[in-house]
Amino acid sequence: MKAAEVVLPWEDVSPLYFSQWLEKFSKAQGATKELMFMSILPAVSSLLGLSKLQMTSTYSENLGLFTLGICPPSGGKNQCFSFGCKQPVSFVEIKSGTCLLLDKFTDVGLRQHLQQNSGVGLLMNEEMEDTLRHIHSERECGTLCRLFDGDSLYINTGSSNSRQEIERSSLSIGGFMQVRQFFSEIYPKMVATLTRKETQPFAAELGQTNLFNLSELYKAIYDDHKHGDIVYTLNNEALELYDQFDEQICQKLNNQWQNGQFLHMTTAASEGGKERRLVLRLAVTLFVVYSYIRRQLFQSYGPVPRVIPKPYMKYAINLMAYFQQQRKEIDKIMFDEEVESHDSLTDKIISFPGPVCTVSNLRACASSKLRAEWTPAVVKGTMADLDRSGIGESVTLERTIAFVKNPPDLITESALTQNTSLSKEQYEECFLCQDMNLSTNKREGLIAKARLSREIQAYLSQNKEN
């Protein structure tokens with residue numbers, strides 16, 4: 001099974017009025033509702049601010065969501081980010097005199113942002129590759145883990161009595177990115193760019209509804225939650241359904257510990273603890289999204305309840321099951337040794353994301369079994385053999401050894417046929433991707449070592465996505 005074949009079951013994760021409206025709203029912008037949904041969820045979770053879900057007298061759950069949407073080129077990520085997040089969130093910021101949205105961060109900068117904005121932030125953009133690449137230190141990863149929990153943070157300028165505390169925090173993360181392994185191996189293009197003519201019927205239908213854009217809706221959500229004193233709870237039926245889900249997760253985790261399975265598991269399979277918490281956050285976010293949109297669509301204004309009924313917990317559990325199934329399929333490609341062993345080392349080098357494949361990064365992405373077979377000497381030797389292929393050349397920069405690929409317009413079909421199973425279209429797709437573990441300076445330095453460095457840079461510049 002491929003990840004694209006795991007269909008989001010809309011009837012199980014949302015009421016009908018929402019999915020029908022989202023179809024019109026998304027298609028009117030030239031995007032799919034699945035990707036637009038992945039823009040709305042983290043944006044709305046950030047508007048909930050320091051609100052919380054109270055589970056017991058001693059335990060409450062923070063509501064910030066961490067999401068990432070994988071999207072093929074021209075799949076609509078710019079439209080989804082713009083209309084599902086940036087435009088309406090910017091409207092809230094202007095009207096409320098606050099700052100929520102960040103596109104990049106450093107550890108110090110993020111702490112300063114949270115200090116200046118009541119502990120609330122939204123880290124999101126349409127190209128998350130660069131943002132994620134900057135999360136390169138244990139300190140930054142540790143900060144994000146603490147913010148996922150809504151913990152307090154400190155800022156210390158170095159002078160005496162200068163420590164400032166951020167007592168409560170709520171960070172949401174969202175956005176989109178392209179990763180070659182996702183859309184060329186397990187995530188084939190499931191969306192196509194819509195023409196202006198194709199979007200018009202949906203835009204006309206959207207114009208007949210009471211919700212044309214999300215700006216005022218987002219402001220209403222923000223205004224209702226900006227003081228951070230909103231506490232949501234589950235009604236008895238919703239709590240009972242969550243307890244059933246919780247017991248299944250606990251039983252799975254206990255069995256894994258007792259059998260020692262956790263020693264050999266992928267990250268996704270061992271994160272049952274996060275599932276239990278994310279389901280709660282999804283339940284609140286979905287409840288808020290659906291309730292406020294229903295109120296706007298049907299003009300049924302009035303206070304939104306703070307007690308979440310059973311259907312919304314069911315939506316959250318079903319949505320979590322969809323996300324987990326997607327991730328299992330992704331893990332089969334990223335971690336399954338049997339799948340990976342079918343690919344030759346030559347194919348791996350040529351299909352590696354981006355114009356540059358370093359020895360160290362290729363081995364880091366391989367399974368433990370293949371890593372043992374693909375020693376640095378073996379990889380170097382294979383790269384050297386490819387020098388005569390007409391596909392690229394092996395170069396060295398300081399202590400880094402890499403294979404720099406020739407631009408697709410200078411590659412012949414015969415060169416590909418003789419050396420790899422990739423088609424020319426697949427080769428171009430891989431060439432234009434980015435290796436998130438290779439810094440820009442190192443990549444440019446390695447390309448500069450290649451005989452066709454000018455041609456490579458020119459091709460990348462011409463095909464850079466706006």
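Listed by first and then second residue, the pairs linking a residue in the stretch 432-449 that is among the acidic types (Asp, Glu) to a residue that is open to solvent by less than 20 Å² (accessible area, probe 1.4 Å), with Cβ atoms under 6 Å apart and 6 or more places separating them unless they lie on different chains, are Asp435/Pro353; Asp435/Gly354. The residues in the stretch 324-354 that are at pLDDT 85 or above and open to solvent by 60 Å² or more (accessible area, probe 1.4 Å) can be counted, and the count is 0. Tell me yes or no: at least one residue of the stretch 219-227 is at pLDDT 85 or above and part of a loop (DSSP other than H, G, I, E, B). Yes - at least one qualifying residue is present in the stretch 219-227. Checked against the criteria, Ile391 does not count as farther than 18 Å from Val359 by Cβ, open to solvent by less than 20 Å² (accessible area, probe 1.4 Å) and either charged (D, E, K, R) or touching a residue at least 24 places away in the same chain (Cβ under 8 Å) (or both). Of all the residues in the stretch 90-133, those that are among the charged types (D, E, K, R) and under 20 Å from Asn437 (Cβ atoms) number 6. Residues in the stretch 366-379 that are without any contact (Cβ under 8 Å) to a residue 24 or more places away in the chain and not in a helix (DSSP H, G or I): Thr375 alone.
Note on the stretch 57-79: residues that are open to solvent by 20 Å² or more (accessible area, probe 1.4 Å), closer than 22 Å to Asp224 by Cβ and aliphatic (A, V, I, L, M) amount to 0.
Among the conditions (1) among the hydroxyl-bearing types (Ser, Thr, Tyr); (2) buried (at least 20 other Cβ atoms within 10 Å of the Cβ); (3) more than 17 Å from Ala43 (Cα to Cα), Tyr292 misses just one, which is (3).
Within the option set Val356, Val378, being farther than 30 Å from Ser74 by Cβ and of a type in the set (Val, Ile, Thr) holds for one residue only, Val378.
Just to be sure before I move on: is Arg276 charged (D, E, K, R), modelled with pLDDT of 80 or more and open to solvent by 30 Å² or more (accessible area, probe 1.4 Å) in the structure I sent? Yes. Under 8 Å between Cβ atoms, which residue pairs at least 6 apart in sequence (or on different chains) link something in the stretch 285-296 that is of a type in the set (Lys, Arg) with a partner that is open to solvent by 10 Å² or more (accessible area, probe 1.4 Å)? Filtered contacts from the stretch 285-296: Arg294/Pro15; Arg294/Tyr17; Arg294/Ser300; Arg295/Tyr301; Arg295/Gly302; Arg295/Val304.
Scanning the stretch 381-392 turns up at least one residue that is part of a loop (DSSP other than H, G, I, E, B) and either in contact with a strand residue (DSSP E or B) (Cβ under 8 Å, 6 or more places away or on another chain) or among the acidic types (Asp, Glu) (or both). When Gln87, Gln54 are checked against the criterion of being touching a Ser or Thr at 6+ places or on another chain (Cβ under 9 Å) and under 21 Å from Ala204 (Cβ atoms), Gln87 stands alone in meeting it.
Scanning the stretch 213-243 for residues that are closer than 15 Å to Pro309 by Cβ and open to solvent by 50 Å² or more (accessible area, probe 1.4 Å) returns Asn236, Glu237, Leu239, Glu240. Taking the criterion of being open to solvent by 20 Å² or more (accessible area, probe 1.4 Å) and either under 20 Å from Val379 (Cα atoms) or in contact with a Gly (Cβ under 7 Å, 6 or more places away or on another chain) (or both), the residues of the stretch 407-435 that qualify are Thr412, Gln418, Asn419, Ser421, Leu422, Gln434. Annotation note: Cβ proximity below 9 Å between a residue of the stretch 89-108 that is more than 22 Å from Glu129 (Cβ to Cβ) and touching a residue at least 60 places away in the same chain (Cβ under 8 Å) and a residue that is of a type in the set (Lys, Arg) and not in a loop (DSSP other than H, G, I, E, B) (sequence gap 6+ or interchain) occurs for Phe91/Lys219; Val92/Lys219; Lys95/Lys219; Ser96/Lys219.
Scanning the stretch 80-123 for residues that are of a type in the set (Phe, Trp, Tyr) and open to solvent by less than 40 Å² (accessible area, probe 1.4 Å) yields a count of 2. Of all residues in the stretch 11-27, exactly one satisfies the criterion of being among the aromatic types (Phe, Trp, Tyr) and surrounded by fewer than 18 Cβ atoms within 10 Å (Cβ to Cβ), namely Tyr17.
Whether any residue in the stretch 387-402 is more than 30 Å from Asn125 (Cβ to Cβ) and in contact with a Cys (Cβ under 7 Å, 6 or more places away or on another chain) is what I want to check. No: zero hits.
Considering only the stretch 420-454, state which residues are farther than 23 Å from Asp347 by Cα and more than 28 Å from the chain's Cα centre (by Cα). Those that are farther than 23 Å from Asp347 by Cα and more than 28 Å from the chain's Cα centre (by Cα): Gly445, Ala448, Arg454.
Among the basic types (Lys, Arg) and closer than 19 Å to Thr131 by Cβ - does that describe any residue in the stretch 66-78? Within the stretch 66-78 (the criterion being among the basic types (Lys, Arg) and closer than 19 Å to Thr131 by Cβ), the answer is yes, since at least one residue qualifies.
The values are calculated or read from the model by the stated rules, or taken from the named source; none is laboratory data. Note that this is a predicted model, so its numbers are computed, not measured. Here Cβ is always computed from backbone atoms with ideal geometry, including for glycine, and neighbour counts include all displayed protein chains. Side chains included, ligands, DNA and RNA excluded: accessible areas come from the protein's heavy atoms. Shrake-Rupley method; radii C 1.70, N 1.55, O 1.52, S 1.80 Å.
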